Amino acid sequence: MTWSFGASARRRRHAMVYSDGKWWYDPATNAFGFRTGGQDPLEWVDVTWDFPGPEEYAELASGVEAGWFAKSGEKAMRAALVTGDPHAVDMAAGQHPQYRNTADVVAGLLSLSVRRTYAAELLRRSVAADFEPRDDPFIKKYLPNAGIVVPIAPGVAVSLPIMRVSIALTVAELEQAANDHDAAIEVLLMVDRTTHVTLSLVELLNAVGRFNDTVEISEATVNADDVTAMILAYRAIALREIGRTAEARSILDRLIAERGRSTAISTFVSVVNASMEPSGGGSDLPAD
C-alpha cells in the first residue's frame, strides 16, 4: 500500500477516526484530547478531519511566541522549527541535548515526504527511548492539535495526534514500505497494543509467515468495528495457513453477516473468504 505523508496531507482527508487507547476524537466539534477515568470510547465514524500535518508545522510554530523568559534551548528549537528544515531542528538539538527526543520526533515527521530512511531512523529512536510526545512541553506549546495520518492496513487510515503510538505506526509503515517487515514488527512490539497496533501487527506477522503469532495476538478480538473486522480477517488467513480452516470459515461467515462495514473492509473480507475454497489450498485439520 502506498501513501504520501507529505504535501498531499494538507488537503482535507477522508478517514476513519476512533477514540483508540487513551485518546478521544469528537467529530461534532473536530476536537480531540486524552481520556480520563469515567470517559467511554466513541464509536467509529466516517469523517473528514482537517488538522495541521507535517507540512504545516512550521507555520503553526511561527504563530506562537517563545516569550521573554523562554530558555535558550527552547528559542533555538522554535527558530529551527519555524524554518521547516528538519536538519536545522536536528542541529538545534545537537546544541541543546535536552531536546534530543523532541527533535527526533519533529525532524522525523518533517522528513517524511523527502527522506524516509532518515525519518524512520529518527522516529524509531524516539520510540526506543520510551519518549511520549504528547507529554512534551515543547510539542504541546508549539504544535498544538498537530497530528499525522497513517495507513495501517488496506482500506484503513487512522488520524492521530503526535503521540508514541502514532510515531510507532508511522515507523512500521515506513519499514514495511522498505520491505523490512521484521523491523516494522519490532517497533510495534515496543508500544501499547491498541487496536490500531494490533491490526498493523497481524498484517505484518502474516506477511512473514508467523501465523501462530497472529492467532495468539488476535485471540480476544471482538467484531466491533472496521478495525477489529480487519484483525479478524487476518486471523482467518492465519488459521487457514495453519490448517484450522473450519475456524477460519466460521469467522468469515460472521464477518460477512455483519452489516455496516466500509466497502473496503467488506471487499477484503470477501477476497479472504474466496481463498477458503478448495482451490485456495485450505484444509480442515482438527482445531487444537
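Among the residues of segment 198-229, just one is touching a Lys or Arg at 6+ places or on another chain (Cβ under 9 Å), in a helix (DSSP H, G or I) and in contact (Cβ under 8 Å) with a residue 60 or more places away in the chain, namely 226. Residues that are at pLDDT below 95, within 20 Å of residue 113 (Cβ to Cβ), in a helix (DSSP H, G or I) and small (Gly, Ala, Ser) are absent from segment 139-156 altogether. Within the span defined as segment 161-171, every residue fails to be part of a strand (DSSP E or B) and surrounded by fewer than 21 Cβ atoms within 10 Å (Cβ to Cβ).
Of the residues making up segment 255-271, those that are part of a helix (DSSP H, G or I), over 19 Å from residue 157 (Cβ atoms) and in contact with a helix residue (DSSP H, G or I) (Cβ under 8 Å, 6 or more places away or on another chain) are 255, 256, 270. Within segment 251-282, the set of residues being buried (at least 19 other Cβ atoms within 10 Å of the Cβ) and either out of contact with any strand residue (DSSP E or B) (no Cβ under 8 Å at 6 or more places or on another chain) or at pLDDT 85 or above (or both) comprises 251, 252, 255, 261, 268, 269, 272, 273, 276, 282. Report yes if residue 248 is touching a Gly at 6+ places or on another chain (Cβ under 8 Å), buried (at least 23 other Cβ atoms within 10 Å of the Cβ) and without any contact (Cβ under 8 Å) to a residue 40 or more places away in the chain, otherwise no. Criteria met by residue 248.
Within the set 25, 57, the sole residue that is assigned by TED's automatic domain parsing to the domain that holds residue 148, aromatic (Phe, Trp, Tyr), buried (at least 17 other Cβ atoms within 10 Å of the Cβ) and at pLDDT 90 or above turns out to be 57.
The values are calculated or read from the model by the stated rules, or taken from the named source; none is laboratory data. What you are looking at is a predicted structure, and each value in this text was computed from that prediction instead of being measured. Using ideal geometry, Cβ is built from the backbone for each residue, glycine included, and neighbour counts are taken over all protein chains shown.
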